[in-house]
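A quick write-up on the structure given underneath.
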Amino acid sequence: MEIGEKVPQLELKDQNNDIFRFSDLIGKEAFVVYFYPKDFTPGCTKEACSFRDSYEDFKELGAEVIGISADSSKSHSKFINKYNLPYVFLSDEDKQARKAFGVKPNLLGLLPGRETFVFSKDGKLLHKFNSMNAGRHMPEALTVLKKNQN
């Protein structure tokens, strides 16, 4: 994905096994989509909890947070309950979202990539950020949203 492109029109299952459509967010609020390797791993838990701890800041900026990995809806549900995560998690078991967003694997292709995308209210990509450093994603996304406030 390149800056200015519209969010891919995908349908994925959320943590409740319900269908989630990115198109439903367009026109309502800005949103941050972050891809991470796996539920319950140390780096991914740190990243998920950093978004949790700043979730109110995102909401005050009019933005939703969405986490995506190849884990099942059931795994996401357990992850959410264990760490009290207040936002949406989507299951990308067939990696269609990773493909559509262009998220590349890291570590010689052994690990699914960790990448964050920030979208405007109209669904256009404002910023993308790729780093295996889990702690850098939330502050980066928050900074971009603050800069893009009208």
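The values are calculated or read from the model by the stated rules, or taken from the named source; none is laboratory data. What you see is a predicted model; the values in this text were computed from it and never measured. Positions of Cβ are backbone-derived with ideal geometry, glycine not excepted, and every protein chain shown enters the neighbour counts.
To keep it simple, each residue is scored yes or no on (1) under 15 Å from residue 91 (Cα atoms); (2) polar (S, T, N, Q); (3) surrounded by fewer than 13 Cβ atoms within 10 Å (Cβ to Cβ).
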site	(1), (2), (3)
28	no, no, yes
36	yes, no, no
45	no, yes, no
51	no, no, no
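Within the option set 77, 23, being modelled with pLDDT of 95 or more and polar (S, T, N, Q) holds for one residue only, 77. Looking only at the stretch 100-123, which residues are within 18 Å of residue 4 (Cα to Cα) and out of contact with any strand residue (DSSP E or B) (no Cβ under 6 Å at 6 or more places or on another chain)? Passing the criteria: 100, 101, 102, 122.
Return the residues of the stretch 15-26 that are surrounded by fewer than 17 Cβ atoms within 10 Å (Cβ to Cβ) and out of contact with any Asp or Glu (no Cβ under 7 Å at 6 or more places or on another chain); say none if nothing qualifies. Once the filter is applied, which keeps residues that are surrounded by fewer than 17 Cβ atoms within 10 Å (Cβ to Cβ) and out of contact with any Asp or Glu (no Cβ under 7 Å at 6 or more places or on another chain), the stretch 15-26 yields 16, 17, 18, 23, 24.
Every residue, every condition in (1) modelled with pLDDT of 90 or more; (2) surrounded by fewer than 20 Cβ atoms within 10 Å (Cβ to Cβ); (3) of a type in the set (D, E, K, R), yes or no:
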| residue | (1), (2), (3) |
| --- | --- |
| 97 | yes, no, no |
| 100 | yes, yes, no |
| 107 | no, yes, no |
| 118 | yes, no, no |
| 123 | yes, yes, no |
| 139 | yes, yes, no |
| 150 | no, yes, no |
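Restricting attention to the stretch 48-67, does a residue exist that is farther than 21 Å from residue 119 by Cα, of a type in the set (Val, Ile, Thr) and at pLDDT 95 or above? No; the residues of the stretch 48-67 include none that is farther than 21 Å from residue 119 by Cα, of a type in the set (Val, Ile, Thr) and at pLDDT 95 or above. Here is the figure for the stretch 76-95: residues that are under 20 Å from residue 25 (Cα atoms), surrounded by 20 or more Cβ atoms within 10 Å (Cβ to Cβ), in contact with a helix residue (DSSP H, G or I) (Cβ under 8 Å, 6 or more places away or on another chain) and not hydroxyl-bearing (Ser, Thr, Tyr) total 4.
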